[in-house]
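The values are calculated or read from the model by the stated rules, or taken from the named source; none is laboratory data. Source: prediction; values computed, not measured. No Cβ is skipped: glycine too gets one built from the backbone with ideal geometry, and neighbour counts run over all protein chains shown.
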């Protein structure tokens, strides 16, 4: 059943009108933001597929998907910011945001909030707990928006373009999607680590005299 979920989501979009497609895209992405087990990347790929068919425009798919992604993430963040750790006790939330996931998110955020809020977009299992926990821990709104928004500007176009260009071969798209997510995460982590090492090295290196 779980293995068939990506195909079911893609089939769900087929035959929809323009307005219905936009509504479904943003609705699913909002639910994804709440940590429900719905593959966000498959939803974005589906948006790309129906943009190729002409149901919606490619630009429209990008805009509505970005709104849905940022909307779901922001709701979690601001709920955490307003209600603090009480949100973990709410019905449904206490099932999704288990103590183990929350503890892992807190440890990562303590190390460096702005970088983990950026990387979290490429970590499906920890994305929602990290954004909610970032709110409960008082991470600055500007830090969250810039980090998550910057990451979404990378991930959203990648998935939509994948569906738009290669959606005619669903099996290939699904196989490629798994590889791309892993590669993106590795590359981004390496870039961040490299930047942090470079910055630390610069601080330790005395200014040269000219």
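One line per residue, one yes/no per condition, for (1) surrounded by 17 or more Cβ atoms within 10 Å (Cβ to Cβ); (2) more than 25 Å from residue 140 (Cα to Cα):
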{"site": "26", "(1), (2)": "yes, yes"}
{"site": "31", "(1), (2)": "no, no"}
{"site": "34", "(1), (2)": "yes, no"}
{"site": "41", "(1), (2)": "yes, yes"}
{"site": "62", "(1), (2)": "yes, yes"}
{"site": "72", "(1), (2)": "yes, no"}
{"site": "90", "(1), (2)": "no, no"}
{"site": "96", "(1), (2)": "no, no"}
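Considering only segment 43-60, state which residues are in a loop (DSSP other than H, G, I, E, B) and surrounded by 20 or more Cβ atoms within 10 Å (Cβ to Cβ). Listed by number, the residues that qualify are 55, 56.
When 20, 59 are screened for being within 18 Å of residue 152 (Cα to Cα) and modelled with pLDDT of 85 or more, only 59 passes.
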